[in-house]
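What follows is calculated from the coordinates using simple rules that are stated; it is not laboratory data. Treat the numbers as computed from the prediction; the structure is a model and nothing was measured. All Cβ positions, even for glycine, are placed from backbone atoms using ideal geometry, and neighbour counts span all protein chains on display.
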Amino acid sequence: MQESGVSAGVVETGEDQIEHDPQSKYRNIFPELDHPALGKHYAVASPFIMSKTPCEIKRAPLLGEHNEYVVTKILGKTDAEFKELLAAGALQ
């Protein structure tokens with residue numbers, strides 16, 4: 001098509017982009033993450049790199065994963081109060 005003057009490019013599948021595209025591999029555009037519930041999966045990183053504001057891709061948290069931290073450190077409840085909330089079914 002390009003020889004005929006038509007603007008065209010390669011149409012890549014997801015596998016092509018992740019496994020076979022040298023630029024995607026070099027830039028780590030699709031980092032592989034390990035999630036406790038989902039297992040290994042690919043995320044999509046930022047397509048650009050900023051020298052003063054790096055972007056780190058992390059897995060999504062599980063439901064309730066940070067409850068203890070939030071309740072005890074941010075809300076200031078004691079460990080006993082946290083356990084009471086768990087026992088009462090107020091927290092996941």
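Could you check, for segment 36-59, whether at least one of its residues is in contact with a His (Cβ under 7 Å, 6 or more places away or on another chain) and in a loop (DSSP other than H, G, I, E, B)?
Yes.
For residues that are part of a loop (DSSP other than H, G, I, E, B) and without any contact (Cβ under 8 Å) to a residue 12 or more places away in the chain, scanning just segment 7-35, find the one that is surrounded by the most Cβ atoms within 10 Å (Cβ to Cβ).
Per the stated criteria, the residue is D21.
Could you check segment 57-92 and list, in sequence order, the residues that are farther than 28 Å from Y42 by Cα and touching a residue at least 24 places away in the same chain (Cβ under 8 Å)?
L91, the sole residue that qualifies.
When segment 43-92 is examined, which residues are found to be of a type in the set (K, R) and either farther than 28 Å from E15 by Cβ or surrounded by 11 or more Cβ atoms within 10 Å (Cβ to Cβ) (or both)?
Once the filter is applied, which keeps residues that are of a type in the set (K, R) and either farther than 28 Å from E15 by Cβ or surrounded by 11 or more Cβ atoms within 10 Å (Cβ to Cβ) (or both), segment 43-92 yields K52, R59, K73, K77, K83.
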